[in-house]
Structure formats: C-alpha cells, structure tokens
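Here is the structure we will look at.
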Amino acid sequence: MSAIEFDNVGRLFERDGRSFPALDGVDLTVADKEFVALVGPSGCGKTTCLRMAAGFEAPSSGRVLVGGAPVPGPGPDRAVVFQQFALFPWKTVADNVAFGLRNKGMAAPERRDRIAAIIKLMGLDGYETAFPHQLSGGMQQRVAIARAYVLDPQVLLMDEPFGALDAQTRVVMQEELVRIARINPRTVLFITHAVEEAVYLADRVAVMTQRPGRIKEVLDVRAIRAAENWDRHARVEDVMDLESFVHLRTHIWRSLREEKVGGER
Amino acid sequence: MRSSTTRPPSTAERLLLGAIGLASFLGLWWGMSASGLVAKQFLPTPLDVLARTQYLLTEPFAGATLPEHLARSLERYAYGFLLAAGVGVPLGLLMGWFRWLDAMVTPVFDGLRFIAPIAWVPFAALWFGTGIGGPIMIIFSGAFPPCLINAYRGARFVDAKYIEAARMLGTGSLRTILEVLLPASFPAIVAGLRIGAGLGWQSLVGAELIVASAGVGYMMVQGQSNISTPTVVAGMVAIGLVGLVIDVFLRQIEAFVRHRRGLA
Ligand SMILES: Nc1ncnc2c1ncn2[C@@H]1O[C@H](COP(=O)(O)OP(=O)(O)O)[C@@H](O)[C@H]1O
Ligand SMILES: [Mg+2]
C-alpha cells in the first residue's frame with residue numbers, strides 16, 4: 001500500500017520576518033496506484049504539497065502520510081521529477097539515469113539493462129554520453145523523467161514534468177505515460193498547469209484555490225472516461241475532441257478562472 | 001546603451017597599448033638608472049639585468065645556476081601548495097557540509113588568515129631550522145586560505161536542488177559529498193586553487209629568506225649581501241615570469257572546467 005494522504009495540511013512560510021500561510025487545510029488522498037493531477041493558479045502551493053509528500057518539507061499543521069505513515073524524509077520509494085529538472089550537470093545522461101540505481105546496490109549487468117531500456121523508452125538513444133547542458137530543455141526533462149522512472153518507485157511525484165516540452169513531444173510523452181501507467185500502475189501525484197493534460201492523464205483531477213491553497217474540488221475523470229469509453233481512442237487529440245472531455249475541461253477552466261480573478265486582491 | 005566606463009579597446013589596440021605601457025616602464029627604469037639619477041649600485045639598468053640573467057643561466061651563483069635555483073624553489077613550492085590544496089579543499093568541503101565543523105573552524109581560521117605568510121618566518125626558522133619544512137610552512141600559509149574559502153563557499157552555497165535530487169535518489173552522506181558536493185563546487189574549487197597558487201608563489205621569497213640553502217629567494221638574498229643588484233632583479237624577473245606561467249596554466253584549466261560544465 002502506498003497511498004498519499006494530506007490530512008488538513010497547513011504550511012506557513014516566512015517572508016520579511018512575517019509568516020504567511022501558503023497552504024491552509026489541504027485534504028486530499030491519492031489512493032494506492034491512483035493517478036491524481038493537481039491543478040491550480042500559480043503560487044497556490046502545488047509544489048509545496050509535492051515537496052511535503054517527497055519529504056523535503058514538513059507540514060506546519062496537519063499530517064502528510066505515505067503508505068499510512070508520516071513521511072520520514074526523501075527516499076527512492078518516492079521518486080520526484082523536479083520542476084527545474086535538477087539533473088547533475090557534471091554527469092552524462094547515462095550516469096544521471098544510473099545514479100539512483102547505484103544507490104540500490106543493483107548488480108552492474110541488471111543496471112545496464114534497466115538503463116538501456118529506459119533510455120530507449122524516453123527516446124534518449126544516442127545521447128547517453130551527452131552532458132545535460134548540451135541538450136534542449138525538452139531533452140533534459142526526459143532525462144529527469146527517466147531518472148525517476150528507472151527507480152521503479154511505488155510513488156511518483158511529478159512537478160510540471162512536461163512543462164518544457166514542445167507541443168508535439170509533449171503529446172508523445174503523455175501517451176507514453178498513459179501506456180506505462182497501464183502496464184505498471186503506480187501512485188502518482190502529478191502537477192500541471194495544463195488542464196487538458198490533467199484531464200487526459202489523471203484518474204482524478206484536484207483543483208486548488210488561490211493562495212492560501214486548499215482543495216477546491218476533485219473531479220472523478222475515471223468514471224467519465226469509462227462511461228464514455230475514451231480508451232477506444234489511441235491518440236490524445238481524438239480524446240480531447242470528445243464532448244465529455246471538452247465538458248470536463250471547460251468546467252475546470254471555469255473553476256480556475258474564478259480563482260485567478262478572485263485571487264487578485 | 002551607455003557603458004559605465006569608456007569604450008573597450010580592440011585586440012590590436014590592446015596589444016599596442018600594452019606594448020606602450022611596457023616600453024614606458026622600461027624606458028623610465030632605463031632613464032633613471034642610465035642617467036645617473038639613481039646611483040647604479042642601487043638600480044641596475046635593464047641591460048645589466050639582461051646580461052646578468054644570461055650569465056646566471058649557465059654560471060653558478062650562490063652554489064647554483066638560476067635554473068637550478070628555480071628548480072629548488074619549484075620543488076618547495078609544489079610541496080607547500082599541494083599540502084595547502086590537500087588540506088584546504090577537503091576541509092572546506094566538509095565545513096560546507098557539516099555546519100558544526102563550520103562553527104568550530106571558522107573562528108580559528110578567521111583569526112589566523114589575515115596574518116601575512118612572512119609573519120610566520122620566525123617560527124618557521126625556529127621549528128624547522130634550515131630544513132625543507134620551513135619554506136613549505138610559509139608557502140602553505142600563503143596558499144591555504146583561498147583553497148579553503150573557495151571549497152567552503154562552493155559547498156556551502158551549492159544549489160539545494162542537487163542535494164535534494166541526491167537525497168531523493170537515496171544517496172548516503174559520503175557519496176553525496178564525493179559525487180554531488182565536490183563536483184558541484186568544482187568550478188569554485190579550481191578558482192580557489194588558482195588564487196592559492198598565486199599567493200603561494202608570492203610567499204616564496206619570504207619562505208626562502210631565512211631558511212633556504214638554494215632557491216631563487218636564497219639567490220636574491222646572496223645577491224643583496226654581495227651588493228649585486230642585477231642578481232636581485234634577475235631573481236625578481238624569474239619569479240614574475242614563472243608566476244605568470246603558473247597563472248596562465250591554471251587559468252586554462254579553469255576555463256576548461258567551466259567550459260565542460262557549460263558555464264562559459
Ligand atoms: N521556501 C519558501 N520560502 C518562502 N516562501 C515560499 C517557499 N516555498 C514556497 N513559498 C511560497 O509559497 C507559495 C506557494 O509556492 P509553490 O508551492 O511553489 O506554488 P505553486 O507550485 O503552486 O506555483 C508561494 O507564494 C511561494 O512564494
Ligand atoms: Mg510550482
């Protein structure tokens with residue numbers, strides 16, 4: 001079991017000697033092997049939520065549980081794809097991807113196979129010996145995703161992982177992520193500012209309020225996806241054309257717009 | 001856009017201006033010594049120095065030729081500098097990682113680092129006599145602070161995202177220090193080594209003032225006792241040129257490191 005639970009979570013930050021709440025009473029559960037997308041206006045505390053699940057930060061109030069226990073600190077059972085990649089610039093693509101596996105003490109031959117497989121999957125073949133700064137932003141992001149996937153973690157925490165990709169690559173990666181998620185479902189918390197991406201990928205979409213962030217509403221995409229049989233379409237754009245998809249997307253858009261306007265105090 | 005200073009010269013202009021600067025300096029020197037404005041035994045002419053240098057290249061003075069003196073100096077310098085780098089860089093890295101070590105060492109270090117290397121000469125002589133330990137200690141005291149400070153700053157202010165990535169990937173302390181902290185600080189460390197190398201070389205004459213039996217500094221002291229000012233200036237020129245070569249060499253390494261990292 002590796003569910004993520006946010007139980008009435010608050011988080012205060014200090015700025016100019018004054019503390020202000022970034023999150024105020026976040027309640028959200030990502031069930032075991034469920035894919036939840038988190039959308040919300042920028043600055044509402046999405047990254048903060050993810051960092052608490054990852055163990056980089058502790059809540060100021062409330063509890064964050066993973067697998068039923070409070071998060072002890074960061075670890076490879078909860079792989080993170082950072083918003084700014086955080087690749088090691090002094091390591092090659094292959095060494096970046098291999099870094100976590102070496103901590104696991106995995107035997108070299110098995111490690112090589114795993115790395116080769118993930119590099120192929122991410123379309124990084126031929127770039128194994130390149131350094132991150134020699135790659136485009138989109139390629140760097142793929143390396144960051146590969147570095148997380150290769151750990152085969154129970155929980156994946158992804159902070160706008162497709163944000164730096166061009167539209168075409170983005171679609172490929174979305175389809176790829178759906179495919180991987182079908183073969184080997186994980187518990188995924190996925191932050192995005194792209195509403196369509198959230199609706200396409202997630203089992204449920206959680207919409208946050210303007211700062212201080214709370215969960216405003218949670219939409220069950222899974223039920224609609226099953227009822228309307230979205231999966232008969234292999235391509236993103238075909239799914240995004242469906243009336244049920246558009247309806248859901250528009251609903252979330254409206255919900256977010258209320259926040260943006262209301263939030264500009 | 002208006003620059004805060006005047007227009008930068010082109011490469012050709014730069015070369016020309018540099019040549020003019022050097023020529024003026026040599027001319028002024030020549031004029032002062034050749035005209036008798038300054039007595040010749042106090043300031044030799046550039047030609048005297050050139051002739052003397054040529055002589056020293058092949059003929060021994062104070063027991064050795066100039067290249068032999070230089071070789072001895074470089075040997076002492078290498079030991080002193082390598083010791084400074086070997087202690088300063090690891091200590092700086094560890095201070096950047098372990099905050100308690102930082103709190104413990106920084107006050108001691110800050111208390112000592114403004115003492116000029118030459119101030120250690122009496123103790124170096126007392127503790128090591130004329131052995132190699134004295135010069136090494138003085139060169140060490142010149143080269144050590146930048147080695148330590150740069151490694152410390154590099155580690156202390158390493159971008160938190162790299163440390164977080166390492167922790168997320170389940171990396172232990174030792175591997176984080178060796179494979180994340182060290183390479184992340186590497187550009188800062190190399191810059192510190194370059195500055196330390198320069199300051200260590202500057203400390204050389206002081207190091208060889210009292211304790212050496214051969215070396216450029218020793219040669220200069222012997223030149224002074226023999227009232228051979230051309231020998232002293234020849235030593236100064238040798239030190240200046242070798243220092244320049246060391247600096248240019250380390251600059252190349254620094255540029256290479258930064259290039260590899262995609263920094264410049
Ligand atoms: N370490 C920090 N110190 C101070 N304020 C922070 C810190 N991290 C985040 N914040 C603030 O908390 C709020 C939420 O940030 P974040 O979680 O990054 O939002 P989002 O990812 O939704 O854009 C923002 O106002 C941000 O400035
Ligand atoms: Mg964010």
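The values are calculated or read from the model by the stated rules, or taken from the named source; none is laboratory data. Since we're looking at a predicted model, the values are computed, not measured. Using ideal geometry, Cβ is built from the backbone for each residue, glycine included, and neighbour counts are taken over all protein chains shown. Only protein heavy atoms, including side chains, enter the accessible area calculation; ligands, DNA and RNA are left aside. Shrake-Rupley method; radii C 1.70, N 1.55, O 1.52, S 1.80 Å.
Data overview
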quantity	calculated
Listing of segment A:96-111 residues, each with accessible area lower by at least 20 Å² in the full protein assembly than in the chain alone (probe 1.4 Å)	A:Phe99, A:Arg102, A:Asn103
Candidates B:Leu57, B:Leu26, B:Leu74, ranked by Gaussian network fluctuation over chain B, Cα under 10 Å, top entry	B:Leu26
Computed [θ] at 222 nm, helices only, for chain B once each DSSP H run of length n ≥ 4 contributes -39500 (n - 2.57)	-25000 deg cm²/dmol
Distant-in-sequence amide H partners of A:Ile191 (H built 1.01 Å from N, under 5 Å)	A:Leu38, A:Met158, A:Asp159, A:Glu160
Surface share of carbon and sulfur [accessible, 1.4 angstrom probe, percent] for segment A:84-152	49
Cut-off under 5 Å, modelled amide H: who pairs with A:Gly62 long-range	A:Gly10
Between segment A:131-197 and segment B:84-135, the Cα center-to-center distance that results, in Å	49
Pairwise FRET efficiency - B:Ala119 versus B:Ser225, Cβ, R0 = 30 Å, nearest 0.05	0.80
Estimated FRET transfer efficiency (A:Thr29, A:Glu228; beta-carbon r; R0 22 Å; 0.05)	0.35
Drop in accessible area of at least 10 Å² in the complex versus isolated chain, residues of segment B:230-264, 1.4 Å probe	B:Arg260, B:Arg261, B:Gly262
At least 50 Å² of accessible area lost relative to the chain alone, listed for segment B:145-169 with a 1.4 Å probe	B:Lys161, B:Tyr162, B:Glu164, B:Arg167, B:Met168, B:Leu169
Segment B:45-260: Cα Rg divided by the 2.2 N^0.38 Å rule of thumb	1.20
Between B and A, accessible area buried - total, square angstrom, nearest 100, 1.4 angstrom probe	2000
Where labels lie 7 Å past Cα in the beta-carbon direction, separation of B:Phe25 and A:Glu243 in nm	8.6
Per residue accessible area in Å² of chain A, where ligands, DNA and RNA are left out and the probe is 1.4 Å	45
C-alpha long axis of helix B:182-202 to longest principal axis of chain B, angle in °	20
Percentage of interatomic Cα-Cα distances in the protein assembly as shown larger than 40 Å	46
Mean separation of Cα contacts under 8 Å (6+ apart) over length of chain A, as relative contact order %	26
Relative contact order for segment B:45-260, counting Cα pairs under 8 Å that sit 6 or more residues apart, in percent	28
Whole-percent carbon and sulfur share, accessible surface of segment B:11-122, 1.4 Å	75
Most to least packed among B:218-229, B:141-152, A:148-159, A:214-225 [average Cβ atoms within 10 Å]	B:141-152, A:148-159, B:218-229, A:214-225
With Cα atoms, 0 to 90° folded angle of helix B:66-97 axis to chain B main axis	20
Pairs from A:Lys91/A:Lys120; A:Lys104/B:Lys161; A:Lys33/A:Lys91 whose Cα-Cα separation, in the structure shown, is over 30 Å	A:Lys33/A:Lys91
DSSP bridge pairs, chain A: antiparallel proportion in percent, nearest 5	55
In degrees, nearest ten, helix B:133-156 long axis to first principal axis of chain B (Cα)	40
Residue-averaged 222 nm ellipticity for chain A, from DSSP H runs of 4+ at -39500 (n - 2.57), nearest 500	-12000 deg cm²/dmol
Segment B:166-264, accessible surface, carbon-and-sulfur percent (1.4 angstrom probe)	68
Residue with peak Gaussian network fluctuation, chain A [Cα springs, cutoff 10 Å], from A:Lys46, A:Lys33, A:Lys91	A:Lys91
From phi via Karplus (6.51, -1.76, 1.60), per-residue ³J(HN,Hα) for segment A:125-135 in Hz, x at Gly/Pro	4, x, 10, 4, 9, 6, 9, x, 5, 8, 9
Per residue solvent-accessible surface (Å²) - chain B, probe of 1.4 Å	54
By accessible area with a 1.4 Å probe, ligands and nucleic acids excluded, highest first: order of B:Leu199, B:Leu37, A:Leu201	B:Leu37, B:Leu199, A:Leu201
Cα gyration tensor shape of segment B:1-73, rounded if a/c is under 1.5, else prolate or oblate by comparing a/b with b/c	oblate
